[in-house]
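The values are calculated or read from the model by the stated rules, or taken from the named source; none is laboratory data. Given the structure is predicted, the values throughout are model-derived calculations rather than measurements. With ideal geometry, Cβ positions are generated from the backbone for all residues, glycine too; neighbour counts draw on all protein chains shown. SASA here: full protein model, heavy atoms, side chains in, ligands and nucleic acids out. Shrake-Rupley method; radii C 1.70, N 1.55, O 1.52, S 1.80 Å.
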Amino acid sequence: MKLFEGLGKYQPFALAALRIMTGLQYIEHGSQKLFNFPISAQPHALSGLTLTAGILEFAGGALLALGLFTRPVAFLLCGEMAIAYFMAHMPRSVFPINNGGDLAISFCFIFLYLVFAGSGAFALDNRRNA
């Protein structure tokens, strides 16, 4: 369709928006686990797995938002979300809508995409390669 033909030139900016917004959302998940901020009705007990997840989510989200080490960080976070899905969500039900795992699946595949696509525009990774 002719209307969408010129949009390809904006791909690095769309990728950056996806990376930055996903990173900011991920920081929020980590800060809620680590600092109970934003305040949760059900605060997390900081056991080994929850503490590890909180650190990965907070630090990994920050690195993604900045676009620093995007590919290796996204690879690590993709694995974290796959593990979270299979350990915490799938035992409740096979269907993601019923087991609350739809967000974990979405994060997992966004991170997998970032492993292959890279950081896009406005990333510190681009400054290291310049």
Single residue of Gly67, Gly61 found to be touching a helix residue (DSSP H, G or I) at 6+ places or on another chain (Cβ under 6 Å), of a type outside the set (A, V, I, L, M, F, W, C) and either open to solvent by 20 Å² or more (accessible area, probe 1.4 Å) or closer than 13 Å to Phe111 by Cβ (or both): Gly61
Near pairs, Cβ below 7 angstrom, 6+ apart or cross-chain, from segment 21-32 (farther than 12 Å from Gly60 by Cβ) to any residue that is modelled with pLDDT under 95 and among the hydroxyl-bearing types (Ser, Thr, Tyr): Gln32/Ser40
Hits in segment 74-95 (condition: open to solvent by 30 Å² or more (accessible area, probe 1.4 Å) and in contact with a Phe, Trp or Tyr (Cβ under 8 Å, 6 or more places away or on another chain)): Phe75
Members of segment 77-95 found to be assigned to a helix (DSSP H, G or I) and over 10 Å from the mean Cα position of the chain (by Cα), listed by number: Gly79, Ala82, Ile83, Ala84, Tyr85, Phe86, Met87, Ala88, His89
Some residue of segment 96-118 being in contact (Cβ under 8 Å) with a residue 60 or more places away in the chain, assigned to a loop (DSSP other than H, G, I, E, B), open to solvent by less than 50 Å² (accessible area, probe 1.4 Å) and in contact with a Leu (Cβ under 8 Å, 6 or more places away or on another chain): yes
Filtered residue count, segment 31-55, keeping only those that are in contact with a Phe, Trp or Tyr (Cβ under 9 Å, 6 or more places away or on another chain) and either open to solvent by 90 Å² or more (accessible area, probe 1.4 Å) or under 15 Å from Ala74 (Cα atoms) (or both): 1
Residue within segment 2-12 that is out of contact with any strand residue (DSSP E or B) (no Cβ under 7 Å at 6 or more places or on another chain), under 16 Å from Phe109 (Cβ atoms), acidic (Asp, Glu) and part of a helix (DSSP H, G or I) present: no
